[in-house]
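Written out below as structure tokens is the structure these notes cover.
The values are calculated or read from the model by the stated rules, or taken from the named source; none is laboratory data. Source: prediction; values computed, not measured. Here the Cβ is made from the backbone with ideal geometry for all residues, glycine too, and neighbour counts use every protein chain on show.
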């Protein structure tokens, strides 16, 4: 028995050590991003040198030229097969490090083609999110997911790349959660035209959260639900916003549940409904909030559900 206990202790300690090693990335806060530069959201790897770059590092210069924004980083061709010198600040300590990388176009993440060695975003741009919108997926690239449009078609996390996205994941486990989802939908119906003008794709996603108590609705029930709670203006219901859902058991295909980070999924990171996730066109999560936020003292909006979704919409309109 003592030997079994000793073996068990070793296994547990080994598991904990591996968990600590694989989950050392913390959510970037204001002080982490304050030095500026370009935040490395994910390292795809390259021919040489990329093993010295960590997720969360702040890229300062490329070949001696300062880079501070997403646009400045995007202009640099790092996949020309030539060596490029990078100056970075380490994620953990902000210590400066100089490395040289050589990269070719990366085509290991189909259907995405000719990718560079890093997904990255300007640190100041990422830092624009309020602290209450920095939950687990914040700063990551589009996680693994499979979503079904109730009008037909399936999207995965990689297909979300290339366009600005405003997603709301919601459950209807009880009347309170359902009430929040109704409030969010009605605000989004009114905001939808403005989001479209900013080329922001809206996705209202019905899903059973890990703590969910009710089975999700099918397409017919979702249409009826949307019609029941739709906003009326001058006696006319506003158009239905784009509804999505999680695939059912027949539709689900593990090979189609893809993301831009290996083995990092949406579903394992959903906490409280409704969850708002806003991504830029680089697939980087710039906003991740859960549940409702208490209005600040200066806000004219007093209802928590209204304040939460309106704040997210306003932020997306100004920052994407």
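Filtered by the rule that a residue be in a loop (DSSP other than H, G, I, E, B), over 17 Å from residue 203 (Cα atoms) and in contact with a helix residue (DSSP H, G or I) (Cβ under 8 Å, 6 or more places away or on another chain), region 223-248 gives a lone residue, 231.
Scanning region 128-152 for residues that are in a helix (DSSP H, G or I) and over 19 Å from residue 268 (Cα atoms) yields a count of 2.
Yes/no matrix, rows are residues, columns are (1) at pLDDT 95 or above; (2) within 30 Å of residue 44 (Cβ to Cβ); (3) under 19 Å from the mean Cα position of the chain (by Cα); (4) in a strand (DSSP E or B):
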residue	(1), (2), (3), (4)
121	yes, yes, yes, yes
124	yes, yes, yes, no
180	yes, no, no, no
195	yes, yes, yes, no
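Among the residues making up region 249-273, those that are more than 21 Å from residue 177 (Cβ to Cβ) and part of a helix (DSSP H, G or I) are 254, 255, 256. Among the residues of region 33-61, those that are in contact with a helix residue (DSSP H, G or I) (Cβ under 9 Å, 6 or more places away or on another chain), at negative phi and surrounded by fewer than 20 Cβ atoms within 10 Å (Cβ to Cβ) comprise 34, 35, 43, 44. Of all the residues in region 62-79, those that are surrounded by fewer than 18 Cβ atoms within 10 Å (Cβ to Cβ), touching a residue at least 12 places away in the same chain (Cβ under 8 Å) and part of a loop (DSSP other than H, G, I, E, B) number 5. Outside the structural domain of residue 281 (by TED's automatic domain parsing) and more than 15 Å from residue 38 (Cα to Cα), is that true of residue 111? The answer is yes for residue 111.
When you look at residue 203, is it assigned by TED's automatic domain parsing to the domain that holds residue 175 and either in a loop (DSSP other than H, G, I, E, B) or at positive phi (or both), yes or no? So residue 203 fails the test.
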